[in-house]
Amino acid sequence: MNYTERLSNVTVLGAAGKMGSGILLLTALEMVDLSLKPENRGKVFVINAIDVSSEALAGLMRYIRAQALKAAEKKTVQLRAVYADRADLIDNEEIIMQYVDDVMVTIRPSVNLEVAYNSTLIFEAIKEDPELKVKLLSQLDKNNSHKPWYFTNTSSIPITQLDEKANLGGRIIGFHFYNPPAVQKLVEVIKSAHTLPEVEEFALQYAKSLRKVVVPSADFAGFVGNGHFMRDALHGIGEAEKFAKDVSLPEAIYMINKVSQDYLVRPMGIFQLIDYVGVDVCQYIMSVMNPFLKDEDLHSDFLDRLIGQGVLGGQFSDGSQKDGILKYEKGRPVAVYNPDTKKYDLISDFQASCDEKLGAMPRSIQPWKSVAFSGKSEDMLKTIFDEIKTMDTVGARLAKEYARRSKEIGLQLVADKVAFAEKDVNTVLLTGFFHAYGPINNFLD
Amino acid sequence: MVAGYNTISLGTGRKEFNPKKPRPGLEEYIREAGQGVLKQIGGAKNVDESVIGNFIASRFNRQGNLAAFMPYIDPDLRYKPAVRVEGACGSGALALATGIRSVLAETADVVLVLGVEVQNTVKAIYGADILAAAGWAKDRKEGHAYYFPGKFSDRAKAYQEKYGKEKPREAMAQWYVNAIENARLCPTAQEYHNSSEELQSCGMMNPNPRGFVDSLNVYDCSKVSDGASAIAVVSEEGLKRIGIPKSEAIEVIGMGQAEDDITKPPDDPTILATTREAVRKALESAGITKEQLGTVECHDCFSIAGILAVEAIGFAPHGGGAEFVIQGNTKRTGKVPFNTTGGLVGWGHPTGATGVHQAITIWEQLTGKAGDSQIPITAERPYGLTINMGGDDKSLVSIVFKKAE
């Protein structure tokens, strides 16, 4: 079975979720592009979008339509050549609409798992629950006579465990997209102890067609991405808790969030990132990873407490941010949750006094956007960290501590052989988390 | 001609432009430009008739019957004659030509001539479909996604194949630099806010055939613009009626119109043959030579069109336009300053308004009203020339002007 045949009947499980919808979109576009090649005319391509909620599937179809339209508008120059023999398609608009149609007729939304029994390739992007994943994969594999290949989007569960428990005989590989899959360039590719070489070969070809950056990771719970992020988050939470002895917890959270965003020149502060991923998702990933760790307790009472009070974060189906540890207006944090009063405290009420406590900002600091896309970020970052190095304000000290810890986590991932190289850790943070620099650097030496 | 008025040219580049926010519509632009002229000429009561030039509001704005917007400018225009003319991107100068013919025929002494286009209603990829109507519809299927950039990219490619790759590229970059430098001096220009220090390297950027066209980069292209321009075309009698001295006006000395077959590709893509013919007629009817031109407003819908226009006028032999531009002859300080408020690349290109905007720039320059954009006009070279083009060198109007007194 060649690349095209493998991609002619595909299923995405959990297709209406934020990861599943992106995987569905990218795969559907890839399949339609294949179907439009002259040698594939007349062949039928099907991608099943399976989810538990009909309502969510309706939203998914609207999302896919809007995204397919954008994709078509972006590549109209090529599409005119692709549809050159269609005399009825003259204007760009007609060509773009035809492409959107071709994408939509390839996708079959369904709440029934049975439609996946004919697929040769199955993407799994359901809830990060090992037992549920094993149950679904086993059921599918027993009923599907095509010996399908499985691409799991798990961000934390060891692939070997899924492979063995669902009895898949190495027809599985970890193919971990970053959120949102349509935008983030990174995929972590993780082989189980048994992954067949042809599965890996296909995975790499597929990643290349999608123009993704592949970072291989060892099959260890959390892999590289969450291996770094979860520990980085715990550091931030710990720093805020320490600080909360002097100020209120919301004030401490505001300050650590500011330091981790502005001082460290990151796209968002650590508490905003936790909200972005979902407070409950973070807690869950830690709980999946924790049993595999020796001499380390990856767990946060603070997150447990928030979840107990219904503070969850995450995103609305349109991609906008739900309130979590922080409250958002037009995507910007405006208040911080206070677990003691169960209310949000307005940032504007304490911002000035907190900023004063942090001390003067380093003068060379610029927003992440201006640094990351400047084309000379290395020089700008060197200037910024050189200045931070010489400063002794509370903010600068926190920033230095934060950056050192981030580097330490990165080095530990390499030492533990979760990451195969230092550059892989940096690539993950650069392309999966959109950082302007990798954590393993010499800026503070 | 007298009493010109330009709205700003709105689109990417202007600080006011935000594609997500509501913007003025066709009617606001028409009213602003129209009233801008009426204020200078003693009101609508002095107007005998009006002409409105527009390319394709029927698709950009779902609006036809544009002549009926003239009374919207001022109630005193109700029940007076008005006509809408169309010749793609040459609609503006066709409107002027229509007004000029009325005055010459002595059926009117004061004609309000207005050009307008509001293009930012659709994304560029769909705007390309709409603008493709300036070419032959039966050629659309074979054409590029960006149809007109594709046409002029083909001309640039042919020019580069004939005369070498480097020099024409350098000349196109220089054209862009000149356009922006001039636009920075004109507050209504779309590139007025442009503060880039890297103009030359922008202009030299390699074309990206995957996303755009083979031989042009985005800086070679005129802008997608919303805007309107209006001016009064008046007889000597008319001038008296509106109470403006001759010294404030410019006189039409000559005019050349030329039309070519829309179904035919150019005989030689490195030559703007219809432009050459229109300019020849204009200079001939004015009884002057190109050496007497103090300034030119040419139709640089793409930088290559600017270079080809230099050759079509005869300032340089075929293949010599690039060198002529590189040498700085078309800069505001050069031998013949071209497009002194930025032209289509720098000021903007609200298609149906462009021909009128060109005449206004000439009016400002020849009567000393150009503000920061002002260039010196000498007694040896007192004439101004406009070239307005519809389609790919198809519908041409060229006009020679001189200060009236």
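The values are calculated or read from the model by the stated rules, or taken from the named source; none is laboratory data. If you're wondering where the values come from, they're calculated on a predicted model, not measured in any experiment. All Cβ positions, even for glycine, are placed from backbone atoms using ideal geometry, and neighbour counts span all protein chains on display. All accessible areas refer to the heavy atoms of the entire protein, side chains included, with ligands and DNA or RNA removed. Shrake-Rupley method; radii C 1.70, N 1.55, O 1.52, S 1.80 Å.
Of note:
- Theoretical ellipticity at 222 nm over chain A - DSSP helices of four or more residues, -39500 (n - 2.57) apiece, nearest 500: -15000 deg cm²/dmol
- For region A:155-233, share of DSSP beta bridges that run antiparallel, in % to the nearest 5: 55
- Fraction of antiparallel bridges per DSSP, chain A only, in percent to nearest 5: 40
- Protein accessible surface hidden between A and B, which excludes ligands and nucleic acids, total in Å², probe 1.4 Å: 1300
- Residue-by-residue Karplus 3J(HN,Hα) for region A:407-420, coefficients 6.51, -1.76, 1.60, Hz, glycine and proline x: 5, 4, 4, x, 5, 5, 4, 6, 4, 7, 6, 6, 9, 7
- Members of A:LYS133/A:LYS417; A:LYS142/A:LYS191; A:LYS74/A:LYS212; A:LYS142/A:LYS322 lying beyond 28 Å, as alpha-carbon distances in this model show: A:LYS142/A:LYS322
- Normalised by the number of residues in chain A, the average gap of Cα pairs under 8 Å and 6 or more apart makes the relative contact order 13 percent.
- Derived scalar couplings ³J(HN,Hα) [region B:157-173; Karplus, 6.51 cos²θ - 1.76 cosθ + 1.60; whole Hz; x for Gly, Pro]: 4, 4, 5, 6, 5, 7, 10, x, 7, 5, 4, x, 4, 4, 5, 5, 5
- For region B:106-154, a decrease in accessible area of 30 Å² or greater in the assembled protein chains relative to the isolated chain, with a 1.4 Å probe, applies to B:LYS123, B:ILE125, B:TYR126, B:ASP129, B:ARG140, B:LYS141, B:ALA145.
- Ratio of Rg to Rh for region A:225-431: 0.95 [Cα atoms; Kirkwood radius as inverse mean 1/r over pairs].
- Longest to shortest principal axis, alpha-carbon extents of chain B, angstrom: 56, 48, 41
- Solvent-free Debye scattering, log10 I(q)/I(0), computed from the Cα coordinates of region A:3-216 at q = 0.11, 0.18, 0.19 Å⁻¹: -0.50, -1.31, -1.45
- Cα-based Rg of the protein assembly as shown normalised by 2.2 N^0.38 Å, two decimals: 1.15
- Relative contact order (percent, whole number), region A:3-216, Cα cutoff 8 Å, 6+ residue spacing: 22
- q = 0.14 Å⁻¹, chain A: log10 I(q)/I(0) [Debye, one scatterer per Cα]: -1.33
- Measuring nothing but protein heavy atoms, the accessible surface of region A:238-349 at 1.4 Å probe radius is 48 percent carbon and sulfur.
- P(r) weight above 13 Å for region B:1-59, C-alpha pairs, percent: 71
- Each Cα pair under 8 Å and six or more residues apart adds its separation to the average, and for region B:170-286 the resulting relative contact order is 18 percent.
- The A:GLN139 and B:LYS15 beta-carbon pair, evaluated with R₀ = 56 Å, returns a calculated FRET efficiency of approximately 0.40.
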